[in-house]
Amino acid sequence: MTQEYRGIAFTLVTAAILVVWSRVAPSLGCVPSALLLALAWGLITLAGADFAFIRRRAFIGQYLASDALLSRLLQPGLLLLAWQALKGLVLALLLLLGTLALDGSQQALLLADALLLGLIGLWLARRLSSQLRPGVAGALLRRWAHRINAPLLWLGLMATRLAAPSAPAPAPAGDWLGAVQQAAGSVTVGCDALALLARMQAVADVSLRWAVARLAEAGGGGEQTLLAGLLVTLFFGVSFVVAWAFSLALTGVTARPWAQHHGQAG
């Protein structure tokens, strides 16, 4: 149990690092930002590989002949790890994009979510660990905790975002381009590469506010209503991916894919 509480402490530290970075990113250069990207990338890759190696073991053991070519290709796990690393890089970039635009209430929510994830993991361990095989119990419990936590975090972020007072963005009908240009021009980030990500986040945020305003004004069908609906759907989808990536990064703090790869206890 001591190890589980230590994992919660490390998870809280990781969440605090992401929150602090989102506050100071405008004054930092590319080197500190690259280090944080590497941290998030590594943690997300570990979390993805943690469960992927279990699926690989089950697939090889249940469906493939031992001398099959596909079995020999999958046995080392390098292809699987490369795929998880590629997905992890994309999710890490989206995570940085999302954290740059957080306000104070959303940053506090991230810290609370780190504690929530740990408590969900403890609850699942006490309820289900005795019913799972030792070799896969750890990875399964981490995976389930992540899948419960990520939607809850997303709902919390959306609630705080939509409840926040609207920014004084240009509101005339059809002036979406003007609102986007104003939002993109107001972004200041020390690293030029991340400045592009920050501008994308600002554009997504102002697009949501513009879309909500257009939906409220339209009151019926039409091209503007359709465009507004598409923008809202896109923003909610991207926000879910950010919440998913954040939860994965926290899960990666305690992930042990090397144990699953070698068939040891999780």
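The values are calculated or read from the model by the stated rules, or taken from the named source; none is laboratory data. Remember, it's a predicted structure, so these values are computed and weren't measured experimentally. Neighbour counts are summed over all protein chains in view; Cβ atoms, including those assigned to glycine, are modelled from backbone coordinates with ideal geometry.
Among residues of segment 11-24 that are more than 20 Å from A47 (Cα to Cα) and at pLDDT 90 or above, none has a Cβ under 8 angstrom from a residue that is of a type in the set (S, T, Y) and part of a helix (DSSP H, G or I) at a sequence gap of 6+ or on a separate chain. Does L79 fit the bill of being out of contact with any Gly (no Cβ under 8 Å at 6 or more places or on another chain) and of a type in the set (A, V, I, L, M, F, W, C)? Spelling it out, L79 is indeed out of contact with any Gly (no Cβ under 8 Å at 6 or more places or on another chain) and of a type in the set (A, V, I, L, M, F, W, C). Residues in segment 193-210 that are touching a Lys or Arg at 6+ places or on another chain (Cβ under 9 Å) and among the aliphatic types (A, V, I, L, M): 1 in all.
Here segment 206-225 is the region considered, the condition is being modelled with pLDDT under 75, among the aliphatic types (A, V, I, L, M) and touching a Phe, Trp or Tyr at 6+ places or on another chain (Cβ under 9 Å), and the residue that is surrounded by the most Cβ atoms within 10 Å (Cβ to Cβ) is A211.
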